[in-house]
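The block underneath contains the structure these notes are about, expressed in structure tokens.
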């Protein structure tokens, strides 16, 4: 029996690495690392079964689900979205994919929203919170060193804190959970080393301010005072329930106003509510690992049924992706149309366009261009006769019906008219000069 850690090599979110680090520390040992986005693929060294802690956003790519039969999962701290990034509903997972969750329940859910979703799908479950709560504090890092970590905190909030960092003798360390692009090329060991070094920085801080959930949860586990910020205009921390009640929470604008009025905030210890969740996670992890090792392997679905289910997921994803792309394209066109319409109301822009459209000889050049483009569509034997007829019409100041709808200047001014400008655009039908 081997033990594996699930990680996400393509992810640029340090929070995913913190979850993998926590999972590895709960295992007796780590024999191999598995790509969490491709759990259906055969492991690199076939042979014995592999016990894994299945946590985090496990079904981010439904077409790589269910996991390979050699995996013996302990489902703990899992998060499932009602819809994925392309709008594909979780209800579409009915069949082999959903049977896998039912077979390996009860599922430890990271949050109440996941528990409610599984309840509606008939999957046994309980709320466990996130594996990052089981991280342990490095014994060799001194507590409450004189610095504050600002992790993905808005610039305005950082600027307000910087006004008082010298007075409070509390320098700021501005950090981010957004990994650099080269992180996608790093090995599992390198990514875990980065995560451990970040935890050491958090562990020595007097205080941590963050907008990252896994940063806040890790700081709880490290016994470091933490404040979680959110934007009240479009964020709702209740989506993290019950974890939103484990640490102090403040809206970004309220935090900035408080610092501006009262100076550097008074540091407060974390509430102790997280300790019960940490005990639960550790107990469930040990129970699940023991059961996964001793119990006989669950019957695997037929490969044909898995392939058919994954194909159906790809079709559903493609349909929802196409709908989303169409909607985004329409929204983008409407936005560009509105912006261009506003731009054309500016006098300076209007004057520049008007100057271009009224350049001497421009109309004649565009008419010649229109004529050449039209003649190119005709057979060679017919072009000379048509060109001579058009010249006679131009000398007589008569309209050329074949070219009216193709006239480039007319097309340009027509497009501008549909955008609401210019009302005084030049009329190509007036003052035509013979070619």
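The values are calculated or read from the model by the stated rules, or taken from the named source; none is laboratory data. Only a predicted model underlies this, so the values are computations on that prediction, with no experimental measurement involved. All Cβ positions, even for glycine, are placed from backbone atoms using ideal geometry, and neighbour counts span all protein chains on display.
Brief remarks on what is shown
- Just one of (1) under 30 Å from residue 208 (Cα atoms); (2) in contact with a strand residue (DSSP E or B) (Cβ under 6 Å, 6 or more places away or on another chain); (3) buried (at least 23 other Cβ atoms within 10 Å of the Cβ) fails for residue 127. It is (3).
- Residue 428 vs. criteria touching a helix residue (DSSP H, G or I) at 6+ places or on another chain (Cβ under 9 Å), in a loop (DSSP other than H, G, I, E, B) and at pLDDT below 70: yes
- Residue within segment 267-284 that is over 18 Å from residue 209 (Cα atoms), touching a helix residue (DSSP H, G or I) at 6+ places or on another chain (Cβ under 9 Å) and modelled with pLDDT under 90 present: no
- Residue within segment 192-199 that is buried (at least 19 other Cβ atoms within 10 Å of the Cβ) and outside any helix (DSSP H, G or I) present: no
- Take the conditions (1) in contact with a helix residue (DSSP H, G or I) (Cβ under 8 Å, 6 or more places away or on another chain); (2) within 25 Å of residue 314 (Cα to Cα); (3) touching a residue at least 40 places away in the same chain (Cβ under 8 Å); (4) surrounded by 17 or more Cβ atoms within 10 Å (Cβ to Cβ); residue 77 misses just one of them, which is (2).
- Search result, residues across segment 207-228 that are more than 21 Å from residue 12 (Cβ to Cβ) and out of contact with any strand residue (DSSP E or B) (no Cβ under 6 Å at 6 or more places or on another chain): 220, 221, 222, 223
- Filter result (touching a strand residue (DSSP E or B) at 6+ places or on another chain (Cβ under 8 Å), within 30 Å of residue 170 (Cβ to Cβ) and surrounded by fewer than 17 Cβ atoms within 10 Å (Cβ to Cβ)) within segment 263-306: 267
- Each residue in segment 39-58 was checked for being outside any strand (DSSP E or B), in contact with a helix residue (DSSP H, G or I) (Cβ under 7 Å, 6 or more places away or on another chain) and either crowded, with 18+ Cβ neighbours inside 10 Å or at pLDDT below 90 (or both), and 1 pass.
Yes/no matrix, rows are residues, columns are (1) in the same structural domain as residue 111 (by TED's automatic domain parsing); (2) in a helix (DSSP H, G or I); (3) within 32 Å of the chain's Cα centre (by Cα); (4) farther than 27 Å from residue 107 by Cβ:
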{"site": "247", "(1), (2), (3), (4)": "no, no, yes, no"}
{"site": "254", "(1), (2), (3), (4)": "no, yes, yes, yes"}
{"site": "260", "(1), (2), (3), (4)": "no, yes, no, yes"}
{"site": "283", "(1), (2), (3), (4)": "yes, yes, no, no"}
{"site": "286", "(1), (2), (3), (4)": "yes, yes, no, no"}
{"site": "290", "(1), (2), (3), (4)": "yes, yes, no, no"}
{"site": "299", "(1), (2), (3), (4)": "yes, no, no, no"}
{"site": "312", "(1), (2), (3), (4)": "no, yes, yes, no"}
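- Tally of residues being in contact with a helix residue (DSSP H, G or I) (Cβ under 8 Å, 6 or more places away or on another chain) and either farther than 21 Å from residue 96 by Cβ or without any contact (Cβ under 8 Å) to a residue 24 or more places away in the chain (or both) across segment 24-38: 7
- Just one of the numbered conditions (1) more than 28 Å from residue 217 (Cα to Cα); (2) touching a helix residue (DSSP H, G or I) at 6+ places or on another chain (Cβ under 8 Å); (3) surrounded by fewer than 17 Cβ atoms within 10 Å (Cβ to Cβ) is not true of residue 88: (3).
- Filter result (at pLDDT 75 or above and surrounded by 10 or more Cβ atoms within 10 Å (Cβ to Cβ)) within segment 324-361: 324, 325, 326, 327, 328, 329, 330, 331, 332, 333, 334, 335
- Take the conditions (1) buried (at least 16 other Cβ atoms within 10 Å of the Cβ); (2) modelled with pLDDT of 95 or more; residue 96 misses just one of them, which is (2).
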